Amino acid sequence: MEAGENEDVEEAIALCQESLAAVSSLHPGRYFSYMWLHEAYLSRYWILHDPADLSLAVENFRFASRHSTQGFPQRIMNAFKWTIAVEQHGHGSALEAYLTFFELLDAHLTTRSSATSRREAAAAFHYARMLPADAASCAIRCDNLPHAVELVEQGRGQQWLLASRLRTPVESLESANPVLAHNYLELSTLISNAAQSSATITDRTAADRAAIEYRRLTRQWEAAVAEIRDLREFSWFLLPPLYADLQAAARQGPVIILIASEYSCSAIIIPTSGDSHHVPLPSVTLADLTNLKDRFARAIRHTSTLGPKVPRNDLIVLLRTQCLEDLYICSYTPTLSALVRSRQMMKKRVTPSFVMGQPGAGKGKPLKAVDSELELVHKLVPVTARHTNISGDAATRAGALKPLQQNTWVHLACHGKQDLKQPYNSHFVMRDKHLTLLDIMEKHMPQAEFTFLSACHTAVSDEETPDEAIHLTAGIQFSGFKSVVGTLWQVDDFVTKHVVKAFYESMFKDLKDGGAMDCTKAAWALNRAMHTVKTTVPLEQRMVFVHIGV
C-alpha cells in the first residue's frame, strides 16, 4: 500500500477518535465511528502487520455490535463482518463473534409476531446461512464441544427453537408477572410492526423518523427482556438451550451431528452420558459434499426414467460411499430440542386412536393405488385402536385438521408439495384448500404419537435456509407427533403400498401377544420394511422414506 494511503488511514483513525470524544456514550453517531474505526484499524493491520491493530479492530467490532442505539439488522451485519475478519486473520475472538451474531439474530427474530414474519426476517441474512456450521467448526478448534453443539442447535434450528421457546415461556410469565408479560408482548408487537412498515417507506424524512422510532423500541425491548431475566425463575427467558439440556436427546442412544464447514468437516457424537466426542473428517471437504449432493440429485432424476427391473448402478456406487442402513437403524431430527420435547411428552400417553386420510387427487394426478394401500393399513392396525377414515367430501382442510388434533396415530395418503421458496406454504392437497405447514404448526397436539406421510416431498429443506429443515415432516413433529415417517422426493403410489404393508407388519407384529401400540418402534419397523421389499421396490423408492423423531 502506498505511503499516501497509509496517511489517509492515520487521518481516518484520528478523526474517528475525535468524533468519539465529542459525543456521549449513547449517541447514535458512536456506532458509525466504531464502524469506521474497525475498517481503519484493519487497513493499518494490512500495512504494518501489527497485532495491536487487529486487536483494536476487534474491540471496535465489539463496541459496534453491542451499541444499543442501532437496530438489530445493522448490528447483525456488523457481527457477521466481525466473524469474517477474525476467521481471515486467525484472531482469538472468533467464537465471541459467532456467539454475538446468533445472540443478535435471535433477539431480532424473537421480536417478530409470527412464524412467517420470522422466516422472512431470517431470509434477509441469507448471506450467513453457512454460519451455524462455521461457528461449530470454530468451537471445535477452540476445544469446546459443548459450545459447538449449542451453536449448531441455535443456528440450524432457529425457526423451530424460537417457535417452541415462544410457545410456553410467555404463558408462564403471564401467570407469574402479568405486568412484565404485557409490557414485553406490547413492545414485541410495536417493534415487529415498526420493522415491517419501515421497509415500505420511500420518503427520506419519514424513513429517518421510522428508523429513530425502531431504534428506540429496540432499546426498550432489550431492557424489558433484561428485566424479565432478573427474575430467578425466568433467568433463561428466550435464551437457547444449554448442552446439559440438549444431551437429554441421547438418553435412548447416541446422537451424531454432522458439521460441514469451509474450515473443517467433522462429526460430534453425543453419548447417553459423559462428554461428547469429536470425530474429525480430514479427507472430506465442503466441496466434496456439495458435489456428492448434486450427484445424488442427478442420479435420482435419472432413475425416474428407468424401468423397475433396470439396475440402479449410479445410486449403488454413490450409496457405497455413505450408506449405513445395513449397520444401523437411522433416525433423524430437525433439532435436538425437538427430540427432547417429544420424549418428554411421551409420558402423557392415552388410549390409541388411528385415522386414515385419503383426500383424493384434488387438482393433481389421480392416486390409483391409494385405495388398496389404505385397505392394507386398515387390516394391519390393531382392532383395539379406534378407527376413523377421512375421504370423499370430508377430506377438506378443516376436515383433516380436526382428526389430526383428535387422534394419536395418523396415516395420510395424498399429494404433498414442498415450496422451496416459501417453506411455510408447503402443503398437503385436500379436497378444497391446501393444508399448509403453517396450518399444522399453529396447532398443538401434545397427545399425538405417530404419523406416516405417504406423500411426496415431505422432508425436503428450503433453498434459503438449508440447515433449518422447515418441511412438512418437521412441522408434524413440532405440532406434537413424536414419531413421523416422511419422504425426500416423489413417491410412486403403486410401489408405496409394498413399503406400507411391510412397515405396519413389522410395527404391529408383537401385538397379538397383548402388546401396546408403540411409536418408538417406527425407525426399526421402517428399517425392517426396507429389507423386506428389496426385491419388489426400486432402490430410489426405498431410499425416499426417512424417519424423524423418537
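The values are calculated or read from the model by the stated rules, or taken from the named source; none is laboratory data. Everything quoted here is computed from the prediction, not taken from an experiment. Virtual Cβ from ideal backbone geometry, glycine too; neighbours counted across all protein chains shown.
Kindly indicate whether S304 is over 19 Å from the mean Cα position of the chain (by Cα), outside the structural domain of M445 (by TED's automatic domain parsing), among the small types (G, A, S) and modelled with pLDDT under 85.
Values: over 19 Å from the mean Cα position of the chain (by Cα): yes; outside the structural domain of M445 (by TED's automatic domain parsing): yes; among the small types (G, A, S): yes; modelled with pLDDT under 85: yes.
Spelling it out, S304 is indeed over 19 Å from the mean Cα position of the chain (by Cα), outside the structural domain of M445 (by TED's automatic domain parsing), among the small types (G, A, S) and modelled with pLDDT under 85.
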Quiz prompt | Filter result for L526 (at pLDDT below 90 and not basic (K, R)) | solution = no
Practice problem: Quickly run through segment 88-103 and pick out the residues that are in contact (Cβ under 8 Å) with a residue 12 or more places away in the chain and more than 14 Å from P132 (Cα to Cα). | Solution: H89, H91, S93
Self-check item: Matching helices (runs of 4 or more DSSP H) fully within segment 138-203 where at least 1 residues are closer than 28 Å to L99 by Cβ and at pLDDT 80 or above
Solution: 145-156, 169-176, 178-198
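Okay, residues lined up against (1) of a type in the set (G, A, S); (2) over 20 Å from W489 (Cβ atoms); (3) in the same structural domain as A502 (by TED's automatic domain parsing):
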{"position": "G399", "(1), (2), (3)": "yes, yes, yes"}
{"position": "W409", "(1), (2), (3)": "no, yes, yes"}
{"position": "C414", "(1), (2), (3)": "no, no, yes"}
{"position": "Q418", "(1), (2), (3)": "no, no, yes"}
{"position": "H434", "(1), (2), (3)": "no, no, yes"}
{"position": "E442", "(1), (2), (3)": "no, yes, yes"}
Quiz item: If E227 satisfies every condition in (1) touching a helix residue (DSSP H, G or I) at 6+ places or on another chain (Cβ under 8 Å); (2) under 15 Å from H108 (Cβ atoms) but one, which is the exception?
Solution: (2)
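Per-residue answers, yes or no, for (1) exposed (fewer than 11 other Cβ atoms within 10 Å of the Cβ); (2) outside any helix (DSSP H, G or I); (3) not assigned by TED's automatic domain parsing to the domain that holds D492:
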position	(1), (2), (3)
A248	no, no, yes
I256	no, yes, yes
E262	no, yes, yes
G274	yes, yes, yes
L289	no, no, yes
K309	yes, yes, yes
Practice problem: Go through (1) in contact with a Cys (Cβ under 8 Å, 6 or more places away or on another chain); (2) modelled with pLDDT under 85 one by one and return the number of the condition E449 breaks. | Solution: (2)
Self-check item: Set S65, S55, S137, S114: member being free of Cβ contacts under 8 Å to residues at least 40 places away in the same chain, surrounded by 19 or more Cβ atoms within 10 Å (Cβ to Cβ) and among the hydroxyl-bearing types (S, T, Y)
Solution: S65
Self-check item: Residues located in segment 16-39, provided they are assigned to a helix (DSSP H, G or I) and either loosely packed, with under 14 Cβ neighbours inside 10 Å or small (G, A, S) (or both)
Solution: Q17, E18, S19, A21, A22, G29, S33
Exercise. Would you check if there is a residue in segment 393-405 being closer than 30 Å to V255 by Cα and modelled with pLDDT under 85?
Key: yes
Practice problem: State which residue pairs qualify: first residue at positive phi and inside segment 215-241, second residue of a type in the set (S, T, Y) and surrounded by 15 or more Cβ atoms within 10 Å (Cβ to Cβ) in any location, beta carbons under 9 Å apart, and separation of 6 or more residues or different chains. | Solution: L238/T110
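In this structure, does S25 turn out to be hydroxyl-bearing (S, T, Y) and in contact with a Gly (Cβ under 7 Å, 6 or more places away or on another chain)? Write out each step before concluding.
Values: hydroxyl-bearing (S, T, Y): yes; in contact with a Gly (Cβ under 7 Å, 6 or more places away or on another chain): no.
No, not satisfied.
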Exercise. Name every residue in segment 338-364 that is in a loop (DSSP other than H, G, I, E, B), buried (at least 19 other Cβ atoms within 10 Å of the Cβ) and modelled with pLDDT under 75, in order of residue number.
Key: P359
